[in-house]
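The values are calculated or read from the model by the stated rules, or taken from the named source; none is laboratory data. Keep in mind that this is a model prediction, so the values were computed, not measured. Note: ideal-geometry Cβ built from the backbone for every residue, glycine included; neighbour counts use all protein chains shown.
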Amino acid sequence: MQWRSIVVGLVVLRLSVSCVLWLAFGLGPSVSWGFHFPISFNLHKLDLLFREERGSEPKSNSWSQRIQGQKYEESTTSCSKIGEESSKRSYLSLFDGNKDEYVQKYSSFPDTLKLKMKGMAKEMFYFGYENYMKYAFPEDELNPIDCEGRGPDVLNPSNININDVLGNYSLTLIDTLDTLLVLGNVTEFHRAVKLVIETVSFDKDSTVQVFEANIRILGSLISAHILLTDPKHPFGQVGFKDYDNELLHLAHDLAVRLLPAFENTSTGIPYPRVNLKTGVPEDGINETCTAGAGSLLVEFGILSRLIGDSTFEWVARRAVRALWSLRSNETGLLGNVVNIQTGQWVGKQSGLGAGMDSFYEYLLKSYILFGEKEDYRMFKAAYESIQNHLRRGRESCNEGEGDPPLYVNVNMFSGEIMNTWIDSLQAFFPGLQVLNGDIDDAICLHAFYYAIWKRFGALPERYNWQLQAPDVLFYPLRPELVESTYLLYQATKNPFYLHVGMDILQSLERNAKVRCGYATLHHVVDKSKEDRMESFFLSETCKYLYLLFDEDNPLHKSDHKYIFTTEGHVVPIDKRFREKQWDDLFPCDDVVLAETDVSNQQPPGNISHCNRFPQERRYALPLKSVYMRQIDHMVGLF
């Protein structure tokens with residue numbers, strides 16, 4: 001009996017010690033409830049412990065600390081460099097591990113594997129596209145599980161999740177036109193264009209969201225028209241004999257039907273929805289999101305310059321200026337929902353995801369396309385406000401201590417954190433940072449989203465960075481992470497991004513492929529599905545995956561430059577888009593705009609920074625192993 005008492009005593013002692021350590025420092029045994037909630041190593045308490053030993057003050061460059069009540073601690077930046085205090089202990093040393101595992105996995109990518117992934121991406125596109133044409137056309141979308149078409153929900157007009165996007169105008173076919181050219185299929189591109197010309201009409205009793213109709217339909221029609229008629233673009237001469245600008249006429253017709261959204265609004269900010277036959281619905285709401293109202297300028301501006309009518313660019317630019325005038329005087333930030341009549345902010349959250357994302361994107365892309373300096377001044381000021389108020393974590397992506405850089409959601413007036421989640425749409429931002437030349441920050445933010453992807457095999461619509469768990473669990477096959485991966489690879493040529501693309505491609509094949517296409521993931525953990533394949537899966541997700549692995553694509557070999565719209569449509573950067581057939585749209589507002597210029601620096605003539613990335617970093621890991629392990633830990637991968 002004595003030995004049993006000794007054993008029991010030892011067990012009790014061990015449990016007591018573990019309990020004490022857990023309570024004091026978070027060093028007890030790891031506990032999990034399926035989402036890896038962080039009752040495990042508390043690295044910040046360890047860091048504090050180490051710093052107490054060396055008698056230094058802790059630095060508050062952490063966004064992952066526990067939030068107490070509604071009080072959030074503002075983060076400061078750290079200028080310390082790894083190696084400067086090599087003799088001192090740092091919590092980052094806990095992530096040293098076996099650094100070679102990342103080097104071995106990501107530092108090379110054979111050409112044969114690249115060719116195989118290119119083939120997989122091509123097959124993925126055609127599996128979705130051919131099944132849409134077989135089972136769904138001329139309806140808007142494919143239901144890939146039941147193998148049938150989907151159109152507007154006419155029985156439930158309030159179902160805006162469907163009706164905002166589907167207008168009974170063969171959405172998927174139109175949205176996919178330029179992807180066919182990217183894949184080199186000129187014959188099918190011609191067939192698809194002729195089908196659109198013969199079958200599509202916008203004279204429909206459909207109430208759609210102005211933003212969605214603009215980026216998916218108007219943008220694709222304009223892109224395909226330019227590709228058909230301009231032999232200088234990367235794909236060369238792909239026009240056909242009987243084409244008579246029909247796609248441009250369709251684009252013009254649609255844009256005219258969207259114009260009522262800009263009428264009877266005291267601010268100039270458009271209504272969010274219009275009926276394509278009758279205009280703004282009588283029960284239309286007066287609230288819209290910043291991205292929805294402020295992301296029309298690229299498509300409307302190109303249309304105006306193609307047809308010589310300033311109306312479309314004028315209303316789109318007026319909306320951008322109206323939103324810009326409502327930004328906070330204290331922070332320079334905008335909110336995410338505004339009343340179009342009063343100009344009051346209904347949603348005061350400022351972030352980089354849903355409701356905000358493409359507003360910032362189009363400030364920069366409008367400047368690249370049109371050369372209007374006011375667009376660049378607004379973007380530069382907005383980017384500075386984002387860096388000052390939304391960015392948390394250490395100062396440098398690849399140096400120093402503290403948490404990796406992350407952009408959080410804050411109150412537009414105070415800059416205080418409003419919640420602890422980020423959404424999947426924010427994954428576009430590293431790609432925008434690449435266009436702006438901020439490669440280092442792009443690398444770090446992309447690595448954080450990729451770590452989330454590695455954990456779930458998808459991106460949850462919202463991810464809570466404090467709980468290390470999804471807040472909103474579905475994934476509708478969004479392209480933003482793939483887009484940023486592609487642009488970072490173009491900027492760095494680092495094989496790491498080919499591995500990321502392969503991981504995404506294989507995850508989609510494994511988790512989303514069904515009988516007739518690829519289905520939305522209803523739940524990123526259990527991988528249950530919804531019977532919907534949104535048009536952007538073919539127009540963006542598949543396109544960027546294919547381009548990532550196709551080094552010899554005409555887009556990469558052409559001497560002519562181009563950009564992608566926010567829906568992934570190819571638009572050449574053409575001097576004719578920098579020439580106007582009308583006088584300045586807002587000649588009296590120059591003084592107001594000058595106030596937004598945060599410096600006397602002139603906008604760059606060429607935004608491309610791809611060739612400025614140091615050669616020696618193109619073949620090393622883009623992010624040091626210690627920081628990769630740190631990010632992997634922070635999303636619960638180990």
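Pairs meeting the criteria (first residue in segment 549-571 and assigned by TED's automatic domain parsing to the domain that holds Thr229 and under 25 Å from Gln506 (Cα atoms), second residue assigned to a loop (DSSP other than H, G, I, E, B) and of a type outside the set (A, V, I, L, M, F, W, C), beta carbons under 6 Å, at least 6 apart or on different chains) are Leu555/Pro234. Scanning segment 275-290 for residues that are buried (at least 24 other Cβ atoms within 10 Å of the Cβ) and over 15 Å from Val208 (Cβ atoms) yields a count of 1. Do we find that Asn185 is of a type in the set (S, T, N, Q) and without any contact (Cβ under 8 Å) to a residue 60 or more places away in the chain in this structure? Spelling it out, Asn185 is indeed of a type in the set (S, T, N, Q) and without any contact (Cβ under 8 Å) to a residue 60 or more places away in the chain. With respect to Asn156, is the statement that it is under 24 Å from the mean Cα position of the chain (by Cα), under 30 Å from Pro272 (Cα atoms), surrounded by fewer than 16 Cβ atoms within 10 Å (Cβ to Cβ) and assigned by TED's automatic domain parsing to the domain that holds Asn214 true? Considered against the rule, which asks whether it is under 24 Å from the mean Cα position of the chain (by Cα), under 30 Å from Pro272 (Cα atoms), surrounded by fewer than 16 Cβ atoms within 10 Å (Cβ to Cβ) and assigned by TED's automatic domain parsing to the domain that holds Asn214, Asn156 comes out as no. Considering segment 239-274, and only residues there that are in contact with a His (Cβ under 8 Å, 6 or more places away or on another chain) and among the aliphatic types (A, V, I, L, M), the residue that is surrounded by the most Cβ atoms within 10 Å (Cβ to Cβ) turns out to be Ala251. Of everything in segment 228-238 that is touching a helix residue (DSSP H, G or I) at 6+ places or on another chain (Cβ under 6 Å) and of a type in the set (A, V, I, L, M, F, W, C), the residue that is surrounded by the fewest Cβ atoms within 10 Å (Cβ to Cβ) is Val238. At least 1 residues being surrounded by fewer than 23 Cβ atoms within 10 Å (Cβ to Cβ) and of a type in the set (Asp, Glu) is the threshold, and among the helices (runs of 4 or more DSSP H) wholly inside segment 470-562 those reaching it are 496-511. In segment 302-340, of all residues being within 25 Å of the chain's Cα centre (by Cα), outside any helix (DSSP H, G or I) and aliphatic (A, V, I, L, M), the one that is nearest to Gln581 (Cα to Cα) corresponds to Leu326. Mind counting the residues in segment 267-282 that are in a loop (DSSP other than H, G, I, E, B) and within 31 Å of the chain's Cα centre (by Cα)? Residues meeting the conditions: 9.
Considering only residues in segment 408-438 that are of a type in the set (A, V, I, L, M) and under 15 Å from Leu364 (Cβ atoms), the one that is nearest to the chain's Cα centre (by Cα) turns out to be Leu432. The conditions of being of a type in the set (S, T, N, Q) and within 23 Å of Glu534 (Cβ to Cβ) are met by Gln426.
Selection of segment 247-266 for residues being part of a helix (DSSP H, G or I) and among the acidic types (Asp, Glu) yields only Asp253. Kindly indicate whether Gly292 is closer than 19 Å to Leu369 by Cα and either under 27 Å from the mean Cα position of the chain (by Cα) or not charged (D, E, K, R) (or both). For Gly292, the condition - closer than 19 Å to Leu369 by Cα and either under 27 Å from the mean Cα position of the chain (by Cα) or not charged (D, E, K, R) (or both) - is not met.
Reported count of residues in segment 301-311, each being touching a residue at least 24 places away in the same chain (Cβ under 8 Å), at negative phi and surrounded by fewer than 24 Cβ atoms within 10 Å (Cβ to Cβ), is 5. Among the residues of segment 236-258, those identified as among the hydrophobic types (A, V, I, L, M, F, W, C) and at pLDDT 95 or above are Leu247, Leu248, Leu250, Ala251, Leu254, Ala255, Val256, Leu258. Does any residue of segment 520-528 turn out to be without any contact (Cβ under 8 Å) to a residue 12 or more places away in the chain and not basic (Lys, Arg)? Within segment 520-528, one or more residues are without any contact (Cβ under 8 Å) to a residue 12 or more places away in the chain and not basic (Lys, Arg). When Ile452 is tested against (1) assigned to a loop (DSSP other than H, G, I, E, B); (2) of a type outside the set (S, T, N, Q); (3) more than 30 Å from Pro234 (Cα to Cα), exactly one condition is not met: (1). If you go through segment 428-438 and keep only what is among the hydrophobic types (A, V, I, L, M, F, W, C) and in contact with a Lys or Arg (Cβ under 8 Å, 6 or more places away or on another chain), you end up with just Leu435.
Of everything listed in (1) farther than 29 Å from Thr520 by Cβ; (2) out of contact with any Asp or Glu (no Cβ under 9 Å at 6 or more places or on another chain), the single unmet condition for His446 is (1).
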